[in-house]
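Below: one structure, written as structure tokens.
The values are calculated or read from the model by the stated rules, or taken from the named source; none is laboratory data. Owing to the predicted nature of the structure, the values given are computational and were not obtained by experimental measurement. Cβ sites come from the backbone with ideal geometry, for glycine too, and all protein chains shown count toward neighbours. For accessibility, only protein heavy atoms count, side chains too; no ligands or nucleic acids. Shrake-Rupley method; radii C 1.70, N 1.55, O 1.52, S 1.80 Å.
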Amino acid sequence: SATIQMPEESSLEETSETTDAISEEIKKVDGVKTVGAMLSSDAMGMFGMSSGQQDVTSTMLYIILDENKTENGSLIDKKLEKMAEKYGCEIVSSSGTDMTSMMGGSGVSLNLYSDDLEILRKTGSSIEDALRDMKQLEEISDVDEDSTEEMKIVVDKNLAMKEGLTTAQVYQQVSSKLTKEATATSIKQSDKSVDVIVENTVSENIDKDDLMNMKLSADKKDGTKSEITLSSIASVETGKSMNSINHDNQKRSLKVTAAVKEGYNVTHVTDEVKKMIQKEKLVPENVKIEYGGENEEIVDAMKQMLLMLVVGLVLVYLIMVAQFQSLRSPFIVIFTIPLAFTGGMLALLVCGQDVSVVSMMGFVMLMGVVVNNAIVLVDCINKFRMEGMEMDEAIINAGAVRMRPVLMTAITTILGLLPLAIGIGTGAEMIQPVAIVCIGGLLYATLMTLVIIPIMYKIFAKKHIEKIKEEDLEILSV
């Protein structure tokens with residue numbers, strides 16, 4: 001998407017003509033499927049937020065790319081920059097990847113903490129140099145870009161005392177000579193006071209040699225005054241200093257960031273960055289480092305998902321205990337959940353997908369779905385045994401009777417999720433791992449349920465079960 005901002009005096013016709021011209025040029029770019037545009041004020045009106053005054057100088061442009069050629073987005077950005085100059089307007093573009101990074105973080109992010117600003121800056125700069133050598137990263141931040149050249153005056157106290165000066169006096173004289181402007185006096189006119197400012201233009205172009213040759217006045221022991229050069233009592237060192245000092249939890253901090261290139265996993269890249277920093281010992285002892293960014297957000301989300309899995313498992317077990325009026329039967333059913341998780345992991349492996357927050361949602365869904373087949377099977381076995389069958393006979397008959405509903409339940413769910421697993425439609429790949437996990441887990445758990453659940457029932461179920469009364473059997477059959 002892109003926002004086209006025309007000059008304030010532009011009319012609706014001029015805005016429409018410019019937008020149409022830009023749209024036609026964008027359509028010619030390889031990989032662009034369609035382009036749509038609308039006035040920004042109309043977009044606000046759709047949500048009922050229009051102020052009543054229509055802005056005819058701003059237009060929203062929507063560009064849909066071919067899924068196989070999404071890399072052409074950078075080419076479109078460059079074209080939009082050129083067209084902004086060509087048509088005399090401002091164009092600000094954004095993409096789906098930009099929105100994803102806004103929601104998920106900024107790739108790899110490192111926070112450095114130290115009381116020494118110079119060590120903090122050097123550590124950040126060395127880490128950035130190391131990150132630039134990693135092929136998985138791009139758009140690395142630049143500490144030096146946010147720093148300015150500085151000249152540091154180091155006063156030799158002994159030499160200064162011989163000349164009758166202290167460090168503070170040297171600083172005061174140098175500071176007064178480098179002051180760009182000062183208030184000389186004030187003039188009163190018509191009961192108003194106006195300051196007279198004196199500017200010092202020499203201080204703007206001063207260099208190291210000028211600083212070293214700067215004249216300072218000194219009072220000798222005999223009371224006479226003399227002039228000395230700064231170079232006779234001090235040395236000047238050049239370096240860099242950060243433009244601003246950032247604090248986090250009352251500690252001086254510096255942030256180093258990098259974006260992960262497309263095709264690489266953020267978690268894996270962050271682990272490699274950690275190993276690289278430890279191996280090359282880029283962080284000194286007096287600097288503390290913390291890792292943030294997208295990887296930390298993913299880790300936090302994964303912890304929440306694991307908590308949801310545990311809570312869901314407990315809730316499912318308690319509900320089954322209430323329904324079965326038993327502790328053993330739900331315990332047997334619970335064995336289908338590891339089977340489902342195994343199938344989900346295998347499905348991700350076969351499809352080349354990583355375990356992510358989205359795929360974890362699939363595992364949470366599986367936990368409530370896969371137990372259905374086992375509940376049907378165990379309930380049927382219990383029913384046959386209460387009718388008077390022996391355990392082995394009840395297990396065999398229940399497997400034969402319940403095989404069809406078990407398979408039908410699984411197949412209908414799998415077929416329903418199949419289009420989503422294939423990734424049909426724009427944006428389907430974002431939720432695709434959920435369908436892959438559910439299909440893999442259902443398929444594997446259904447096949448294993450017909451084998452594993454009877455075995456677990458044989459091991460853990462009661463050897464004898466109370467036979468149902470004949471009148472209860474008649475009611476049950478009805």
Checklist line | Per residue, in Å², the accessible surface of the range 185-339 once ligands and nucleic acids are set aside, probe 1.4 Å | finding: 69 Å²
Notebook entry, point to check: Over the range 249-358, what percent of the accessible surface lies on carbon and sulfur atoms, probe 1.4 Å?
Noted result: 59 percent
Margin query: Within the range 269-304, list the residues whose amide N lies under 16 Å from a label point set 7 Å along Cα→Cβ of D133.
Written below: 272-283
Notebook entry, point to check: From the square roots a ≥ b ≥ c of the eigenvalues of the alpha-carbon gyration tensor of the range 108-192, which class results: rounded (a/c under 1.5), prolate (a/b over b/c), or oblate?
Noted result: oblate
Check: Tell me, what is the per residue accessible area of the range 349-405 in Å², probe radius 1.4 Å?
Finding: 49 Å²
Next item on the list: Express in Å², to the nearest 10, the accessible area of I332 obtained by rolling a 1.4 Å probe over the protein heavy atoms while all chains stay in place.
Entry: 0 Å²
Checklist line | V56 versus D30: modelled label distance in nm, points set 7 Å from Cα along the beta carbon direction | finding: 4.0 nm
